[in-house]
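To start, the structure itself, in C-alpha cells.
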Amino acid sequence: MNEATILVVDDDEKILFAFREVLKKDGYKCIVAKDGEEAVQKTIALTPHVIFMDITMPKLNGLDALQKIREHSPLLPVIIITGYGTMQTAVKAMQQGAFEYLTKPLNIDIVRGVLQRALSSRCTASEEPERTTISADVVDRYELIGTSQLMQDVYKLIGSISTTPNHTSVLILGESGTGKELVARAIHAHSPNASSPFVGINCTVLPESLLESELFGHEKGAFTGAGERKFGKFENAGTGTIFLDEIGNLSLNLQQKLLRVIQEREFERLGGNELVKVEGRFITATNRDIEHEVQNGNFREDLFYRLNVVTVQLPPLRDRMEDVPLLANYFLAKYNRHMKKSVKGFASESIHLLQTYPYPGNVRELENMIERAVMLSNSDVILPEVLKEKSDSTTQKINTVPIISPIFEDSKNNLLRLFEKQFVIDQLRHHHGSVTAAAKTSHMTRQNFQRLMKKYGIHAEEFRG
C-alpha cells in the first residue's frame, strides 16, 4: 500500500474521476481541486507528495498556480497537463519548475511512469533547484508549430535548456528543413539573455579564410585588405547566443580553433595577441550524422563532446504528420497576409494530399507548397489541382522511396519508418480505432502494436466514431 498523497487539479469532472480510480487502484491517496486557487490552498494545508495540474482553469490558471506553489514548496513535483500543447506553454511550464508536461488525451501507462519518477525525485532532491525566469515582455517571434508528442518533447527541452547557464552548449540535429534555426532562436528568446544579440552564421556559406575572420574578427593589417579592426561573431554576441549552422562542414583546422575557444572561453583576433573573453552560449546544428563523421575522422571527437552537452533531435515532418493541417493553416494565414489574399482554407481532398505526401524537404517544403498554392489559387479554398502539380502526382510520390541520404542504411530505415506508421494508421482506420482488432488482424500482440503506436505518436481515439 502506497502512502503517497497525490493532488489532481482540473475543472473537468471526468478527468478527476479517472485519476481517482487509477490512483485508488494503485494504492495512492487522491485529493482533488477544481481550480488554481483551491490547488494552492490544498497544497499548503495538505502537503501532497505530487501534483497533476491542468493549465486552463477558472479563477487561477495552472501556470499561475504553479508559480504560487513554487514559492511555498520549491521541491514539490508538479506535473502540468493540457488539452492543447503549444511551444509557449511547454517552455513556460518547464521554466517555472514543472517536473513534467503532458498533453491530453493522457496515456495511463505514461502517467504511472511519470508519477513513479516524481516520487523518486523527492527522495533524491537535497536542495532547491536554481530557476531562472524571463521578463514578461519577451515576445517569442519564432514559434514552432505542432502539437504532436514528438514536438511536445522538443518544447520541454527548450524550456529546460533556456534556464541553464551560457557555458552549456547545445547541439541541434535534424534533416534539412526541420527548423533547426527556429529552435536555436527559441532557446535564445526564452533565456535570461534574450535582450543580448543572437549571432548566427552558416558554416557552408564562406570559404575557410573568410569564415575564420567572420568568427574571430581581425586586427588592422592582419592580412591584405584588412584596413581596420573588425570584431567577429564570438565578440559581437556578448552574453547572447552564437549559432553555428551546419557545423559538420567546418574544416578540421577551424574545428581545432573552435575547440580551444569553447574550452578556454577566450580567443585572439586574427593578427592580434590580446585575449578576448567569450560570454555567449554556443548553439550548433547539422543535418549530418555527426557521430558517423567522427568515426570517419571528418569531425573531432573532443569537439563533438564539447558541443554535445545537450542535444535536441528534431523529428522529420513525415514522423509527425498529425501536425501537417496545423502547419498548413499557419502558412496559409501567413501568405494570405503577405500577398493580401483571403483564401479561407483547404478542400478536404487537399488536406488528404498534404497528409499523404512524404515531404523529403520537411517543413520548409510544406511552406513552399502553401506559398505557391496561395499565389496560384483563384478560389475561396486551396483545391487539390493546385497542390497536385507540386506533389508530382501524389500516388506516385507515396510509392516512391524518399531518398534522404546517400547512405543505404539511412534510406532503408526511412522507408521502414514510413511503412510502419502507414500500416498502423491503415489498420486502426479499418477497425475504427480498436487496438485489439487491429493487432489481431496484423498477427501482432497488442503490446507490440501499441509500441508502434507510441513510437509514431498515433492515438486510437482519432479513428473512432
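If we scan the range 359-367, do we find a residue that is of a type in the set (S, T, N, Q), touching a Pro at 6+ places or on another chain (Cβ under 7 Å) and surrounded by 15 or more Cβ atoms within 10 Å (Cβ to Cβ)? Step through it out loud before you land on a result.
Here is the first cut: in the range 359-367, the ones of a type in the set (S, T, N, Q) are 362.
Now restrict to residues that are touching a Pro at 6+ places or on another chain (Cβ under 7 Å): 362.
Now narrow it down to the ones that are surrounded by 15 or more Cβ atoms within 10 Å (Cβ to Cβ): 362.
Within the range 359-367, one or more residues are of a type in the set (S, T, N, Q), touching a Pro at 6+ places or on another chain (Cβ under 7 Å) and surrounded by 15 or more Cβ atoms within 10 Å (Cβ to Cβ).
Rundown of residues vs (1) modelled with pLDDT of 90 or more; (2) surrounded by 15 or more Cβ atoms within 10 Å (Cβ to Cβ); (3) basic (Lys, Arg), yes/no style:
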| position | (1), (2), (3) |
| --- | --- |
| 21 | yes, no, no |
| 39 | yes, yes, no |
| 59 | no, no, yes |
| 71 | no, no, no |
| 74 | no, no, no |
| 78 | yes, yes, no |
| 109 | no, no, no |
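Confirm whether residue 333 is surrounded by 14 or more Cβ atoms within 10 Å (Cβ to Cβ), outside any strand (DSSP E or B), of a type outside the set (Ser, Thr, Tyr) and not assigned by TED's automatic domain parsing to the domain that holds residue 220.
no
If residue 285 passes every condition in (1) over 25 Å from residue 145 (Cβ atoms); (2) of a type in the set (Gly, Ala, Ser); (3) in contact with an Asp or Glu (Cβ under 8 Å, 6 or more places away or on another chain) but one, which one does it miss?
Failed condition: (1).
One residue is enough: does the range 279-298 have a residue meeting the conditions among the aliphatic types (A, V, I, L, M), assigned to a loop (DSSP other than H, G, I, E, B), touching a residue at least 12 places away in the same chain (Cβ under 8 Å) and closer than 27 Å to residue 180 by Cβ?
no
Could you list all residues from the range 429-465 that are under 31 Å from the mean Cα position of the chain (by Cα), in a helix (DSSP H, G or I), surrounded by 13 or more Cβ atoms within 10 Å (Cβ to Cβ) and polar (S, T, N, Q)?
The answer is 450, and nothing else.
Residue pairs, Cβ under 8 Å, 6 or more apart or interchain, first in the range 327-355 and farther than 13 Å from residue 372 by Cβ, second among the basic types (Lys, Arg) and surrounded by fewer than 18 Cβ atoms within 10 Å (Cβ to Cβ). List them.
353/388
Determine if the range 54-74 includes at least one residue that is under 29 Å from the mean Cα position of the chain (by Cα), closer than 20 Å to residue 113 by Cα and touching a residue at least 24 places away in the same chain (Cβ under 8 Å).
yes
Mind checking whether some residue in the range 195-211 is of a type in the set (Gly, Ala, Ser) and crowded, with 21+ Cβ neighbours inside 10 Å?
From the range 195-211, those of a type in the set (Gly, Ala, Ser) are 195-196, 200, 209; that's our starting set.
Restricting the remaining residues to those that are crowded, with 21+ Cβ neighbours inside 10 Å gives none.
Looking through the range 195-211, none of the residues is of a type in the set (Gly, Ala, Ser) and crowded, with 21+ Cβ neighbours inside 10 Å.
Kindly evaluate residue 290 against the criterion of being aliphatic (A, V, I, L, M), touching a strand residue (DSSP E or B) at 6+ places or on another chain (Cβ under 6 Å) and farther than 14 Å from residue 212 by Cα. Give the steps one after another, and end with the answer.
Values: aliphatic (A, V, I, L, M): yes; touching a strand residue (DSSP E or B) at 6+ places or on another chain (Cβ under 6 Å): no; farther than 14 Å from residue 212 by Cα: yes.
Answer is no for this residue.
Given the criterion over 24 Å from residue 174 (Cα atoms), outside any strand (DSSP E or B) and in contact with a Pro (Cβ under 7 Å, 6 or more places away or on another chain), identify the matching residue among 238, 272, 221, 225. Break it down stepwise before answering.
On the way: 272 fails: in contact with a Pro (Cβ under 7 Å, 6 or more places away or on another chain); 221 fails: in contact with a Pro (Cβ under 7 Å, 6 or more places away or on another chain); 225 fails: in contact with a Pro (Cβ under 7 Å, 6 or more places away or on another chain).
Only one candidate qualifies: 238.
Which one is farthest from residue 321 (Cα to Cα) among residues in the range 414-453 that are among the basic types (Lys, Arg) and free of Cβ contacts under 8 Å to residues at least 12 places away in the same chain? Let's see the steps before the verdict.
Step one: filter the range 414-453 for residues among the basic types (Lys, Arg), giving 417, 421, 429, 440, 446, 451.
Of the ones still in play, those that are also free of Cβ contacts under 8 Å to residues at least 12 places away in the same chain are 440, 446, 451.
Details: 440: 25, 446: 23, 451: 18 Å.
Looking at residues that are among the basic types (Lys, Arg) and free of Cβ contacts under 8 Å to residues at least 12 places away in the same chain, I get 440.
Among the residues of the range 215-224, is any farther than 30 Å from residue 105 by Cβ, in contact with an Asp or Glu (Cβ under 6 Å, 6 or more places away or on another chain) and in the same structural domain as residue 251 (by TED's automatic domain parsing)? If you could, list the steps in order and put the result at the bottom.
In the first step, residues of the range 215-224 are kept if they are farther than 30 Å from residue 105 by Cβ; the result is 215-224.
Now drop any that are not in contact with an Asp or Glu (Cβ under 6 Å, 6 or more places away or on another chain), which leaves 217, 220.
Then drop every residue that is not in the same structural domain as residue 251 (by TED's automatic domain parsing), which leaves 217, 220.
Checked against the condition, which is being farther than 30 Å from residue 105 by Cβ, in contact with an Asp or Glu (Cβ under 6 Å, 6 or more places away or on another chain) and in the same structural domain as residue 251 (by TED's automatic domain parsing), the range 215-224 yields at least one hit.
Consider residue 305 against the criteria (1) outside any loop (DSSP other than H, G, I, E, B); (2) without any contact (Cβ under 8 Å) to a residue 60 or more places away in the chain; (3) surrounded by 14 or more Cβ atoms within 10 Å (Cβ to Cβ): it satisfies all of them except one. Which criterion is unmet?
(3)
So which of 410, 426 is at pLDDT below 80 and not in a loop (DSSP other than H, G, I, E, B)? Explain how you work it out, then say what you get.
Numbers: 426 fails: at pLDDT below 80.
It is 410.
Going through the range 52-107 one residue at a time, which ones are under 17 Å from residue 9 (Cα atoms) and of a type in the set (Asp, Glu)?
If the condition is that a residue be under 17 Å from residue 9 (Cα atoms) and of a type in the set (Asp, Glu), then 54, 64, 100 are the ones that fit.
Looking at (1) over 14 Å from residue 111 (Cα atoms); (2) out of contact with any helix residue (DSSP H, G or I) (no Cβ under 8 Å at 6 or more places or on another chain), which is the only condition residue 25 fails?
(1)
The values are calculated or read from the model by the stated rules, or taken from the named source; none is laboratory data. Note that the structure is a prediction, hence the values are computed from the model and not measured. Counting neighbours? That spans all protein chains shown, and the Cβs are built from the backbone with ideal geometry, glycine included.
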